[in-house]
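First the structure, in the form of structure tokens, and then the observations on it.
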Amino acid sequence: MKAVRVHSPGGPEALRYEDVAEPTPGAGQAVVKVDAAGLNYIDVYFRSGLYKAQLPLTLGMEASGTVSAVGADVREVKVGDKVAYTGVPGAYAEYAAVPADRLFVLPSGLTTRQGAAMMLQGMTAHYLATSTYPLKVGDTCLVHAAAGGVGLLLCQIAKMRGAKVVGTVSTEEKAKLAREAGADETILYTKQDFEAEVKRITAGKGLQVVYDSVGKDTFEKSLNCLAPRGLVALYGQSSGPIGPFDPQALNAKGSLFLTRPSLFHYIATREELVSRATELAGWIRDGKLRMRVEFEFPLKDAAEAHRALEGRKTTGKVLLVP
Ligand code: NDP
């Protein structure tokens, strides 16, 4: 079968579309024939070497498709089930062997394209808005990169919970998308000082929470946007890591909270995984949560897809199709 692998870390050119052995299921595993894999920023971190993995590595942490084989002791799924998953490397491939207890069986009415698009970014937006800082009516939150994959979903979920949403984006076109996703206010952080804008929007009071996925370029000002005892959920680093941090700054800026969460700790048990995925899938099926899949690239063009993502050319979800 074909897969996209990294033999040594580097830029998009490090991605190799090549022949590898088709997987067979071990005990507790199922093999998924992949209809679509999701592109996520974490793939860039693994490709570039920011996150370490054993090489060669078949990239990709999210996919959806049909179960084509099951190993011994598998109770969660059967051959023919339409499933989606995240958190298991190896999705940039025609087939993937996945622990069966990580598979979510798609409810009827959901396509595998929707399955591939919802798992990683969708459950991230879900845990950020419902668990890391459970938004409530009266809260104001800041969503950085609000037209991105996680961003557009987070804006919508934050609105569902009754919060006021301020979104940052780099262009007017992205601002329009963020507003369509529910952002009450948008800030062009490439042109405007977002800290000053947030102070203006909140009449100097500050925010309850900042969801910061940009990292290096935004982190310091994100702290300055908070009301006393507010929280920064630093959940990514699209512009680069923030570097060393002195916790005394949290004291000086108003007894702030800082967390660096990861989806994989918020879906660690099967129960939590299935409960988040089920709620999300229900919102999508009922039309309450709109998934924007702007681009589908053939799997062999994964490098092109990476260039688009890193070049800030994408909005919403990008899929790779074997
Ligand atoms: P996005 O679709 O959000 O793409 C990244 C966006 O970041 C860009 O479109 C761009 O939006 C913005 N950005 C700002 N500065 C830069 C820069 N220097 N280079 C590139 N992009 C920049 O990606 P994802 O939705 O896949 O992921 C968003 C973030 O969330 C990533 O940092 C990812 O690591 C993180 N993440 C974390 C998870 C967790 O559990 N911790 C899980 C999932 C994602 P604009 O042009 O508007 O500035």
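The values are calculated or read from the model by the stated rules, or taken from the named source; none is laboratory data. Fair warning: this is a prediction, and the values are worked out from it, not measured in the lab. Cβ: placed from backbone, ideal geometry, glycine included. Neighbour counts: every protein chain shown. For accessibility, only protein heavy atoms count, side chains too; no ligands or nucleic acids. Shrake-Rupley method; radii C 1.70, N 1.55, O 1.52, S 1.80 Å.
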Original post:
How much of the accessible area of region 47-170, probe 1.4 Å, is carbon plus sulfur, in whole percent?
Top reply: 53
**OP:** Would you mind computing, in nm to one decimal, how far apart the modelled labels at Lys191 and Asp286 are, each placed 7 Å from Cα along Cα→Cβ?
**Re:** 3.8
Original post:
Amide H to amide H, which residues 5 or more places from Leu207 or on other chains are under 5 Å from it, using H placed in the peptide plane?
Top reply: Leu226, Ala227
Original post:
Considering amide H positions built from the backbone, and no H for Pro or chain starts, which residues 5 or more places from Gly148, or on another chain, come under 5 Å of its amide H?
Top reply: Gly316
Subject >> DSSP bridge pairs, the chain: antiparallel proportion in percent, nearest 5 >> reply: 55
**OP:** Please give the solvent-accessible surface of Ser275 in Å², to the nearest 10, using a probe radius of 1.4 Å with every protein chain present.
**Re:** 70
Original post:
Any idea what Rg and Dmax come out to for the chain if you just take the C-alpha atoms, in Å?
Top reply: 19.6, 61
Original post:
What is the Cα radius of gyration of region 186-292 over 2.2 N^0.38 Å, N being its residue count?
Top reply: 1.27
Subject >> Entries in Lys136/Lys221; Lys52/Lys221; Lys136/Lys176; Lys52/Lys164; Lys159/Lys317; Lys52/Lys176 that, when Cα-Cα distance is taken, lie over 26 Å >> reply: Lys52/Lys221; Lys52/Lys164; Lys52/Lys176
Original post:
Using +1 on the beta carbon of Lys and Arg, -1 on that of Asp and Glu, and nothing else charged, what's the dipole of region 166-322 about the Cα centre, debye to 20?
Top reply: 140
Original post:
What accessible area per residue, rounded to a whole number of Å², is obtained for the chain using a probe radius of 1.4 Å?
Top reply: 42
Original post:
Can you work out ³J(HN,Hα) from phi for every residue in region 249-265, in order, using Karplus 6.51 cos²θ - 1.76 cosθ + 1.60 and θ = phi - 60°, giving whole Hz and x for Gly and Pro?
Top reply: 4, 5, 5, 4, 8, x, 6, 7, 10, 10, 10, 10, x, 9, 3, 5, 7
Subject >> Most to least accessible of Met61, Met291 (protein chains only, probe 1.4 Å) >> reply: Met291, Met61
Subject >> Rough spin-label spacing in nm, given labels placed 7 Å along Cα→Cβ, for Arg16 and Ser170 >> reply: 3.0
Original post:
Add -39500 (n - 2.57) for each DSSP H run of 4 or more in the chain, then divide by its residues: what number comes out at 222 nm, to the nearest 500 deg cm²/dmol?
Top reply: -8000 deg cm²/dmol
Subject >> Volume per residue of the C-alpha convex hull in region 136-260, rounded to whole Å³ >> reply: 90
Original post:
In sequence order, what are the phi-derived ³J(HN,Hα) couplings for region 41-51 according to the Karplus relation 6.51 cos²θ - 1.76 cosθ + 1.60 with θ = phi - 60°, rounded to whole Hz, with x for glycine and proline?
Top reply: 4, 4, 5, 5, 5, 6, 5, 7, x, 4, 9
Original post:
Taking the chain as a Gaussian network, Cα atoms linked when under 10 Å apart, which of Phe297, Phe219, Phe245 shows the biggest mean-square fluctuation?
Top reply: Phe245
Original post:
Highest GNM mean-square fluctuation, the chain, Cα pairs closer than 10 Å: which of Gln121, Gln192, Gln208?
Top reply: Gln192
**OP:** Give, rounded to the nearest 20 debye, the magnitude of the charge dipole that the chain has about its Cα centre when Lys and Arg contribute +1 at Cβ and Asp and Glu contribute -1 at Cβ.
**Re:** 620
Original post:
³J(HN,Hα) across region 122-133 via Karplus (A = 6.51, B = -1.76, C = 1.60, θ = phi - 60°), whole Hz, x for Gly/Pro?
Top reply: x, 5, 5, 4, 5, 5, 4, 7, 10, 10, 5, 9
